Amino acid sequence: MTQSRPIGIPVIAILMIIGGVILLFNGIAPLFLGPLISIDVSDYPINTLGLIITIGGLVLVGLGIASFIVSWGLLKRKVWARTITLVISLIAIIFAIINLISSEDLIHIIGIIVYGIIIYYLYTKKVKLFFSKVQE
């Protein structure tokens, strides 16, 4: 007997896709700007800065692509996708707390709440059963 997909799984997958799109757009600009900044080879600090910006862009694009893969995994009932989503959510909560403390901007509470709900939801019995390898 196959279990129907819990309604929250597509919602989380859509949130991951939106996050992936944002990461891609944030990573594309540094990919183009980094090499432009490092054109002047004579000035070592500028050349290094361009390289760092380019690497940062590559990381953001990679994370964006990874978000799409994890979204697909969630929709296809892959256990690894649930695990990665839990890890990403935990890391996002840690960064949101750090940002909240350092900037004292209350907007970071939204991230803490959203990712906290995602973690809670992924640990509910229905979702754990959906992702388990042995189906009842």
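The values are calculated or read from the model by the stated rules, or taken from the named source; none is laboratory data. Keep in mind the model is a prediction, meaning the values are calculated, not measured. Neighbour counts are summed over all protein chains in view; Cβ atoms, including those assigned to glycine, are modelled from backbone coordinates with ideal geometry.
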Next item on the list: Please state which one of Leu51, Leu63, Leu106 is of a type outside the set (Ser, Thr, Tyr) and within 16 Å of Met16 (Cα to Cα).
Entry: Leu63
Notebook entry, point to check: Could you say whether any residue in region 54-61 is touching a helix residue (DSSP H, G or I) at 6+ places or on another chain (Cβ under 8 Å), assigned by TED's automatic domain parsing to the domain that holds Ile37 and small (Gly, Ala, Ser)?
Noted result: yes
Note to self: Yes or no: region 26-46 includes at least one residue that is under 26 Å from Tyr115 (Cβ atoms), part of a loop (DSSP other than H, G, I, E, B) and modelled with pLDDT of 90 or more.
What the structure shows: no
Checklist line | Scope region 84-133; condition surrounded by fewer than 11 Cβ atoms within 10 Å (Cβ to Cβ), not β-branched (Val, Ile, Thr) and not in a helix (DSSP H, G or I); matching residues | finding: Glu104, Asp105, Leu106, Lys133
Notebook entry, point to check: Looking at this structure, is Leu90 touching a residue at least 12 places away in the same chain (Cβ under 8 Å) and over 16 Å from the mean Cα position of the chain (by Cα)?
Noted result: no
Next item on the list: Could you tell me which numbered condition Ser102 fails, if it satisfies all but one of (1) over 19 Å from Leu63 (Cβ atoms); (2) modelled with pLDDT of 90 or more?
Entry: (2)
